[in-house]
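Shown next, in structure tokens, is the structure this report addresses.
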Amino acid sequence: MRPFLDLKALMARDEHALHAAFTRVLHSGWYVLGPEVEAFEHEFAQLCGVDHVVGVGNGLDALTLILRAYRQLGRLAPGAEVILPGNTFIATALAVTEAGLVPVLVEPQESDFAISVAAVEAAITPRTGAVIAVHLYGRLADMPGLRQLAQRHDLLLIEDSAQAHGACDEHGRVAGSLGDAAGFSFFPVKNLGALGDGGAVATNDGVLAEQVRKLRSYGSSEKYVHDAKGVNSRLDELQAALLRVRLRRLGEDAEQRRAIANRYLEGIAHPAITLPSQPSWPLSHVWHLFVLSCAQRQSLQAHLQRCAIPTLIHYPVPIHRQAAYSELSSLSLPVAERMAGQVLSLPLYPGMPEDYVASVIDACNDFPHDESREGSCR
Ligand SMILES: *Cc1c(COP(=O)(O)O)cnc(C)c1O
């Protein structure tokens, strides 16, 4: 079986530079909140086109700390409602709960499975304080539409950019700069991945950045002086140094991801398979995942498995159907639910061998229409 994502090969491309970064940190004798984190924050802020980046422990903490900071700054009332899509990774909802706020799940739209501006608008109540837009699978959500809506209702607009490092709109504005604040994850499989956990908050709001900076380190900006009840959630010097190496490849990696996605979009043609739609502006999608829909997903997945092609499902159970959120179980979100039952992610990563890409296309096209027959593999 080939890999779904060949992380070892991705890292091997930078073996020497990663070793050098490791050695630099090893020999520095300084391992938490030092020059590497500072340099990475600066470099990543430049990439995102924002004034401030604060490195934190992981993507969940990035989102949680944004919301906690807004609460402490009086920008969100305790128990305020936060609107988010029902078809995201559970961390988006956990951040809301963790910050003492109330998650309100809404439907994605059929066309691209991104959060629907109309659904957000319909969910706004007097208690709504913020909207979290998720750039799901690496594709920018409708930020102009959401920004307008957020401004009209005086709501904070937060980006969950965990899957969309470097995605940019037709004006060159990059994920992380499109709302009031954004959370990023550097979990190894993300488009910009560390060799362990990592995350960051990006924002143009200096007051928010300062508060998050305090919160990540026990609520303190001066040793043993604590202005707020903080946490311990910091990006390590070591991970920051490794991320600085990986950051240099982000642009070319996105190009490679886009080229493979285009091969799939042009090469796969099957009546039972619905391909993801192309965004009108190609750079607004960094193809963290290539996700198709198929009503016979189980058979398609089994067929691909027989052809030695691994697939994954992002995500099989919507948030309101998770035991962890039993309080939301009475919700009905038919689009999100149908999506959970039909989506299937194909392998896609920078450096994916051409014959592997071709075999994925062939295997999809060879999926037997008649389910009683076993499909052939070339
Ligand atoms: C990965 C991810 C997160 C959480 O990031 P971690 O670093 O794993 O905590 C949040 N939201 C989305 C959409 C993600 O894909």
Cross-chain or 6+ apart pairs with Cβ under 7 Å, the stretch 281-293 first and at positive phi, then within 16 Å of the ligand (Cβ to nearest atom) and in a loop (DSSP other than H, G, I, E, B)
Trp287/Leu348
Could you tell me how many of the residues in the stretch 74-131 are over 30 Å from Ser293 (Cβ atoms) and of a type in the set (A, V, I, L, M, F, W, C)?
6
Residue pairs meeting the criteria (Cβ under 9 Å; at least 6 apart or on separate chains; first without any contact (Cβ under 8 Å) to a residue 24 or more places away in the chain, in the stretch 294-309; second outside any loop (DSSP other than H, G, I, E, B))
none
Would you say Ala181 is more than 25 Å from Phe4 (Cα to Cα), in contact (Cβ under 8 Å) with a residue 60 or more places away in the chain and more than 13 Å from the ligand (Cβ to nearest atom)?
yes
Quick one: is Ala200 touching a residue at least 60 places away in the same chain (Cβ under 8 Å), assigned to a helix (DSSP H, G or I) and within 15 Å of the ligand (Cβ to nearest atom)?
no
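Out of everything in the stretch 88-102 that is more than 9 Å from the ligand (Cβ to nearest atom) and out of contact with any Asp or Glu (no Cβ under 6 Å at 6 or more places or on another chain), what residue ends up being farthest from Leu76 (Cα to Cα)? Break it down into steps so the answer makes sense when it comes.
Within the stretch 88-102, the first condition is being more than 9 Å from the ligand (Cβ to nearest atom), and the residues that meet it are 93, 96-102.
Checking the rest, the ones that are also out of contact with any Asp or Glu (no Cβ under 6 Å at 6 or more places or on another chain) come to 93, 96-101.
Working: Ala93: 16, Val96: 11, Thr97: 13, Glu98: 14, Ala99: 10, Gly100: 10, Leu101: 9 Å.
Ranking the candidates gives Ala93 first.
Taking only the stretch 206-233 into account, find how many residues are in a loop (DSSP other than H, G, I, E, B) and buried (at least 20 other Cβ atoms within 10 Å of the Cβ). Walk me through it before giving the result.
Going through the stretch 206-233, the residues in a loop (DSSP other than H, G, I, E, B) turn out to be 216, 218-219, 223-224, 227-231, 233.
Imposing the further condition that a residue be buried (at least 20 other Cβ atoms within 10 Å of the Cβ) reduces the set to 216, 230, 233.
So the count comes out to 3.
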Over the stretch 69-87, the set of residues at pLDDT 95 or above and more than 15 Å from the ligand (Cβ to nearest atom) is Ala69, Tyr70, Arg71, Gln72, Leu73, Gly74, Arg75, Leu76, Ala77, Ala80, Glu81, Ile83
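Report, by residue number, each residue of the stretch 26-46 that is assigned to a helix (DSSP H, G or I), over 19 Å from Ala164 (Cα atoms) and aliphatic (A, V, I, L, M).
Start the filter on the stretch 26-46 by keeping residues that are assigned to a helix (DSSP H, G or I), which leaves 26-28, 35-46.
After this cut, where a residue has to be over 19 Å from Ala164 (Cα atoms) as well, the list is 26-28, 35-39.
Scanning the stretch 26-46 gives Leu26, Val37, Ala39.
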Unmet criterion (only one of (1) in a loop (DSSP other than H, G, I, E, B); (2) more than 14 Å from Tyr137 (Cβ to Cβ)) for Ala259
(1)
Of those in the stretch 122-145 that are more than 16 Å from the ligand (Cβ to nearest atom) and closer than 21 Å to Leu101 by Cβ, the residue surrounded by the fewest Cβ atoms within 10 Å (Cβ to Cβ) is Pro126
If Thr311 satisfies all but one of (1) modelled with pLDDT under 95; (2) buried (at least 16 other Cβ atoms within 10 Å of the Cβ); (3) polar (S, T, N, Q), what's the number of the condition it fails?
(1)
Which members of the stretch 1-58 meet the condition of being touching a Gly at 6+ places or on another chain (Cβ under 7 Å) and of a type in the set (Phe, Trp, Tyr)?
Phe40
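When the stretch 318-336 is examined, which residues are found to be of a type in the set (A, V, I, L, M, F, W, C), surrounded by fewer than 20 Cβ atoms within 10 Å (Cβ to Cβ) and in a helix (DSSP H, G or I)?
Within the stretch 318-336, the subset of a type in the set (A, V, I, L, M, F, W, C) is 319, 323-324, 328, 331, 333, 335-336.
Filter once more, keeping what is surrounded by fewer than 20 Cβ atoms within 10 Å (Cβ to Cβ): 323-324, 328, 331, 335.
Ala323, Ala324, Leu328, Val335 - these are the residues of the stretch 318-336 that are of a type in the set (A, V, I, L, M, F, W, C), surrounded by fewer than 20 Cβ atoms within 10 Å (Cβ to Cβ) and in a helix (DSSP H, G or I).
The values are calculated or read from the model by the stated rules, or taken from the named source; none is laboratory data. Every value quoted in this text rests on a predicted model; they were computed, and no experiment measured them. Here Cβ is always computed from backbone atoms with ideal geometry, including for glycine, and neighbour counts include all displayed protein chains.
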